[in-house]
Amino acid sequence: MQNLNPKDVRELADRPVTIGLFADNLSTLDEMEEFFSPPGLSRERRLEIFDALFRAGETGAPQRYDIEIYEEGIRRPSEAFLWVSRNPALTVAEILRRRDDLAIPLARRFPPFRVAVTENIINQVSKENAFFSLATALPGIVPSILALPFAVGEFASDTAFLTVNQVRMAFLLAAASDREVGYKEQRNEIGSILAGAFGWRAIARELVGKIPLGGGLIPKAAIAFAGTMVAGRVLERLYREGYEFSKQERAAAYESAFEKGKTVAAELWKSMQAARSAKGTGT
């Protein structure tokens, strides 16, 4: 835990980010503004958004923006984004694909980015934990392939690494959800992760018995994936709606995530074996 500093996540979330809206049609500008600052938000929250959301050329608007969004039919720079009026989620997806460095601050400030960003965080950290569970079976592969902000020195066990990475996920999800980030601020969530580090394995053991995969490595990685994914889903629900999964929802989520984890683990293992073979032959 000493190598996992929530200050880094807070600084990332607090990074200033501006969006400039370019359109000739006033109704399109209204549509853009309403999408990025939904009417259901409080007045105070919408005012915060408008501190970072501008109609290009309006009084007080900056000369440059981090993200520029153009109405269809207007000539735009290559780095700018197209406003897809019929499906604005496509615009959001393209922004996140090309500017993933801004994902956390965008999600924190603009609600339309939040679902996609939190989903990506959960999937990414779940895959990292599945990968680590496999990589520990291949000596020397972790330092060369797995590059995480806190991955220094030796971990006492797989459980230690997986748990710390889940805490890191909790920091990122809180930041993306415009919640407070830190050990003190998230003591309840972190306590649940630490308590569940062993508890969720009891459910996982039952799931392992349902598949004849053999060897233990794929089930082990699938368990790591499932436990991390469910922890992420629980946190996402908590930050979005204010309450956690019921016992039944949690069990169902474990089983679904474990099924997905089997596929992810098998694909990772195949890639790792291919990489080792290529390294061994010098190709």
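With the Cα gyration tensor of region 55-134 in hand, give its eigenvalues times 5 under a square root as the equivalent ellipsoid semi-axes, listed largest first in whole angstrom.
30, 14, 11
Ranked highest first by the average count of other Cβ atoms within 10 Å around their residues, in what order do 113-125, 164-176 fall?
In descending order of packing, they fall as 164-176, 113-125.
Stretch Ala252-Ser42 to full length: gain in nm at 0.36 nm per residue minus the Cα-Cα span?
Contour length minus Cα-Cα distance gives 72.1 nm.
Quick check: pseudo-label points 7 Å beyond the Cα along Cα→Cβ at Glu11 and Gln63, how many nm apart are they?
2.9 nm
Can you sort Arg276, Arg187 so the residue with the fewest Cβ neighbours within 10 Å comes first?
Placing the least packed residue first, the sequence is Arg187, Arg276.
Within 10 Å of each residue's Cβ, count the other Cβ atoms and sort Met229, Met1 from fewest upward.
Ranking Met229, Met1 by Cβ neighbours within 10 Å, fewest first, gives Met1, Met229.
So which GluC sites (Glu not before Pro) in region 1-90 are both in a DSSP loop and have at most 13 other Cβ atoms within 10 Å of their Cβ?
Taking region 1-90 and a limit of 13 other Cβ atoms within 10 Å, the loop GluC sites (Glu not before Pro) found are Glu58, Glu72, Glu79.
Compute the distance in nm between two label points, each set 7 Å from the Cα along the Cα-to-Cβ direction, one at Ala56 and one at Ala80.
For Ala56 paired with Ala80, the spin-label model returns 0.3 nm.
For the pairs Lys127/Lys260; Lys7/Lys247; Lys127/Lys270, flag any whose C-alpha to C-alpha distance is greater than 22 Å.
Check vs 22 Å cut-off fails for Lys7/Lys247.
Before anything else, pin down the relative contact order of region 8-109: Cα pairs under 8 Å, at least 6 apart, normalised by residue count, whole percent.
Value for region 8-109: 34 percent.
Among Ser256, Ser126, Ser37, Ser133, what is the fewest-to-most ranking by other Cβ atoms within 10 Å?
By the 10 Å Cβ count, ascending: Ser256, Ser37, Ser133, Ser126.
At q = 0.13, 0.23 Å⁻¹, work out log10 I(q)/I(0) for region 8-109 with the Debye formula, treating every Cα as an identical point scatterer and leaving solvent out; two decimals please.
With one equal scatterer per Cα and no solvent, log10 I(q)/I(0) is -0.45, -1.49.
Bear in mind that the values in this text are calculations on the coordinates, not laboratory data. Note that the coordinates shown come from a computational prediction; the quantities given were computed from them, not determined experimentally. When we count neighbours, we look across all protein chains shown, and the Cβ atoms used for this are built from the backbone with ideal geometry, even at glycine.
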